[in-house]
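One structure is given here, and the rest of the page talks about it.
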Amino acid sequence: MALWFQDEARVGQKGRTCHRWWAKGRRPPGLCDQRFEWAYIFGAVEPATGKAFSLVLPFADAAMMSLFLDHFAQTIEDGVHVVMVLDGAGWHGTKALDLPANITLVTLPPYSPELNPVERLWLYLRERFLSLREFRGREHIIDACCQAWNAATDDPRRIRSLCLYPWIEEVNS
């Protein structure tokens, strides 16, 4: 059995600014686009090993979640069953999804994003790669998301550092 955590992040032209150290009393420079193109990073991590998997998709709905789960299921080794912990978004309901046989979904309690370690990965991606930028269009957003994900997840130690909460270590042992 393997314990994975999953979440989605919307990235786009109407981005958010990030925190910056700057001179007191002065506003730091930065870009903030006012257009409305975006894409979603569907990401999953296994904090105990530092493994990560993602797809960048145009929408966040049950069809895209089923597509994500189908592609993710193909990466699971034979004989391994994955318990995937995720939030209670409407498109995560098992009735609306084509759930692969080797994955079981477990929903977090409502209003508890701090329990999902993928939230820290989103913060890292936004702070390091995806904030204070201007995207030309959806293709540019998708490219930026892929580059950011690959840069952040190329080292399993980084995923473990960001996502391995002490209670997850206890659950895995």
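The values are calculated or read from the model by the stated rules, or taken from the named source; none is laboratory data. Bear in mind that the values here come from a model prediction, so they are computed numbers and not experimental data. Glycine gets a Cβ as well: all are built from the backbone with ideal geometry, and neighbour counts include every protein chain shown. We work out accessible area using only protein heavy atoms, side chains counted, and drop any ligands, DNA or RNA first. Shrake-Rupley method; radii C 1.70, N 1.55, O 1.52, S 1.80 Å.
Confirm whether Leu132 is among the aliphatic types (A, V, I, L, M) and modelled with pLDDT of 95 or more.
Details: among the aliphatic types (A, V, I, L, M): yes; modelled with pLDDT of 95 or more: no.
No, not satisfied.
Contact map, the range 1-13: first residue in contact (Cβ under 8 Å) with a residue 60 or more places away in the chain, second residue hydroxyl-bearing (Ser, Thr, Tyr), Cβ cut-off under 7 Å, separation 6 or more or different chains; pairs are Glu8/Tyr40; Ala9/Tyr40.
For Leu97, the conditions (1) surrounded by 12 or more Cβ atoms within 10 Å (Cβ to Cβ); (2) closer than 17 Å to Val56 by Cα all hold with the exception of (2). For Tyr124, the criteria (1) under 14 Å from the mean Cα position of the chain (by Cα); (2) open to solvent by less than 20 Å² (accessible area, probe 1.4 Å) hold in every case but one, which is (2). How many of the residues making up the range 54-70 are more than 13 Å from the chain's Cα centre (by Cα) and either among the charged types (D, E, K, R) or under 15 Å from Thr104 (Cα atoms) (or both)? Total meeting the criteria: 4.
Can you pull out every residue in the range 67-94 that is among the acidic types (Asp, Glu) and crowded, with 17+ Cβ neighbours inside 10 Å?
Asp87
Looking for whichever is polar (S, T, N, Q) and either over 20 Å from Ala2 (Cα atoms) or open to solvent by 60 Å² or more (accessible area, probe 1.4 Å) (or both) here; the options are Asn102, Asn150. Which one fits? Quick ask: steps written out before the conclusion?
On the way: Asn102 fails: either over 20 Å from Ala2 (Cα atoms) or open to solvent by 60 Å² or more (accessible area, probe 1.4 Å) (or both).
Of the residues listed, the single one that is polar (S, T, N, Q) and either over 20 Å from Ala2 (Cα atoms) or open to solvent by 60 Å² or more (accessible area, probe 1.4 Å) (or both) is Asn150.
Residues of the range 126-173 that are over 11 Å from Val11 (Cβ atoms), among the basic types (Lys, Arg) and in a helix (DSSP H, G or I): Arg128, Arg157, Arg158, Arg160. The set of residues in the range 98-112 that are touching a residue at least 24 places away in the same chain (Cβ under 8 Å) and in contact with a strand residue (DSSP E or B) (Cβ under 8 Å, 6 or more places away or on another chain) comprises Leu99, Asn102, Ile103. When restricted to residues that are in a helix (DSSP H, G or I) and acidic (Asp, Glu), the range 92-120 contains 2.
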